[in-house]
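Attaching a single structure in structure tokens format; questions to follow.
Quick note: the coordinates plus some simple rules give every number you see, no bench work behind them. Quick caveat: nothing in here was measured; it's all calculated off a predicted structure. Here the Cβ positions follow ideal geometry from the backbone for every residue, glycine too, while neighbour counts run over all protein chains shown.
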Amino acid sequence: MAKERINKEKKTLRNKFRFSIFNDTTHEELFVFRANGLMMLLSILLSIIFIVLSVTILISYTPLREFIPGYPDAQTRREIVQNALKLDSLEKTVKLWDFQLNNIQRIATGQPPLELEDITMKQDTASSEGIRGTISKEDSLLRLEVMKQEQFNIGSETNRVNQIEGLHFFPPVKGIVSDGFNLATNHPYIDIAAPANSVISTVLDGTVIMAAWTDETGFTIQVQHSNDLISIYKHNSKLLKRTGDKVKAGAAIALVGNTGSLSTGYHLHFELWYKGTAVDPSKYINF
């Protein structure tokens, strides 16, 4: 019986199957897939592997991973590092108070006061080895990233909280991002390659606060929006608005050009600033 069952299964794998899709109205065959049982199983297995790998890559290398329950978003990670830095600052303050109290007690008893430099050097030497063992590499890299991002912030602590995710931005121009936003390389903006004289649109409603020529950036226009947002458009071939003009989201304000000594081709140099902090436009605008 076992041998007959094995032979029956082998025969089933050798049988040919056909998978077809028909138009329900005309009964026209739109798609057909023919394969034997073994090929059918292999195709299903490869399809499952492909789907699993695609979902894994999509979650690992895209912002979709932030939708996983328990995974902290960028804002939460930034707040964690900021709280850690505040804690370090408070610890140093408490130690300084202890040092001053100790000196007062020494002076009251006729002993010479301690030097702050000596105390600092001893603490740094003793703590440096302990810190190396307690702070992980990932934590150090995250601290460095946050510190680099904070160097462009000219506002207060409360201004660092990003609250612009809910706004609907209009794409300034149709093109390809040739150079992305990167604070680490002192590039707090993006460059969008586009055909010459392509129409540039404002990303939100606002007021033109600057429309002029500079030797480095050519024809430049800046728009002040609500929520302490400012958008900047540089290297234009022509400006279509003047300072003080009111503009609506999507309104034409300039044409793509190659003006200014810093320009190396036809493109739009686009900056987005929120409360004095440069932010990555690609997080909010689909280019």
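State all residues of region 204-241 that are surrounded by 14 or more Cβ atoms within 10 Å (Cβ to Cβ) and not in a strand (DSSP E or B); if no residue qualifies, say none.
Scanning region 204-241 gives 204, 205, 217, 228, 240, 241.
Separate question: Among the residues of region 253-264, is there at least one that is touching a residue at least 60 places away in the same chain (Cβ under 8 Å) and within 21 Å of residue 286 (Cα to Cα)?
Yes - at least one qualifying residue is present in region 253-264.
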